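The values are calculated or read from the model by the stated rules, or taken from the named source; none is laboratory data. Just so we're clear, the structure is a prediction, and the values are computed from it rather than from any experiment. Positions of Cβ are backbone-derived with ideal geometry, glycine not excepted, and every protein chain shown enters the neighbour counts.
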Amino acid sequence: MLIVDPSLPPAMLEARLSERSPVRSPQVTHVFLTSATDEHMRGLAAFPRATWMALETEIAAARANTHEDLGLALEHPEDGGVEPLEDRLALLERLRPAEDCITQGVDLFPLAGVTPGSCGILVSQPTRTILLAGDAVATREHLADAKVLPHCWNRELAQDSFAEAIEIADVIVPGRDNILLNPTRAR
């Protein structure tokens, strides 16, 4: 069982799982992060026995940024920023690089730009493709307006990734919204 971007706090995530599916957190074997941002990692603790994964590029960039931030925080420990960064680093150390193919018909789809290693999951079916886009396509409004999030690591790459997502997917699961049909595809 795979969970993508566990963004709710663990207790809320467990409640949401139980109200929407028969799955319980111990049954989850893998967790995939489309990006290693704090909001996408918020619920990781609900799956302590699962394998946590992300694109290798994303893991390396997140670890490097967190080490840098921790170095700065250690210069001023009185500001209270050390412990949250150490906690974040501990989570990042558990992340493992995901294989290009998670299982038959379920593949990684790199979407760099919002973060250095943003990555979606492409589910190929005989008559359509479904893309779990993460923040590369954030919401219904972003899709309608052909816009990316304002706080991108690299806006040009993010816009290119957005265009790729629209080109490949019949169905899009945005990072911050519900499932959408691609409006550029014939119905």
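Quick look at the values:
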{"quantity": "Considering residues of region 41-59 that are of a type in the set (Gly, Ala, Ser) and within 15 Å of the chain's Cα centre (by Cα) only, the residue modelled with the lowest pLDDT", "calculated": "43"}
{"quantity": "Of all residues in region 148-187 being of a type in the set (Lys, Arg) and outside any helix (DSSP H, G or I), the one that is modelled with the lowest pLDDT", "calculated": "187"}
{"quantity": "Selection from region 117-147 of residues that are crowded, with 22+ Cβ neighbours inside 10 Å and part of a loop (DSSP other than H, G, I, E, B)", "calculated": "117, 118"}
{"quantity": "Cβ-Cβ under 6 Å pairs, at least 6 apart or on other chains, region 147-167 side outside the structural domain of residue 113 (by TED's automatic domain parsing) and among the hydroxyl-bearing types (Ser, Thr, Tyr), far side surrounded by fewer than 19 Cβ atoms within 10 Å (Cβ to Cβ) and assigned to a helix (DSSP H, G or I)", "calculated": "none"}
{"quantity": "Residue that is among the basic types (Lys, Arg) and not in a loop (DSSP other than H, G, I, E, B), where the choices are 49, 63", "calculated": "63"}
{"quantity": "Test result for residue 112, assigned to a loop (DSSP other than H, G, I, E, B), out of contact with any strand residue (DSSP E or B) (no Cβ under 6 Å at 6 or more places or on another chain) and crowded, with 16+ Cβ neighbours inside 10 Å", "calculated": "yes"}
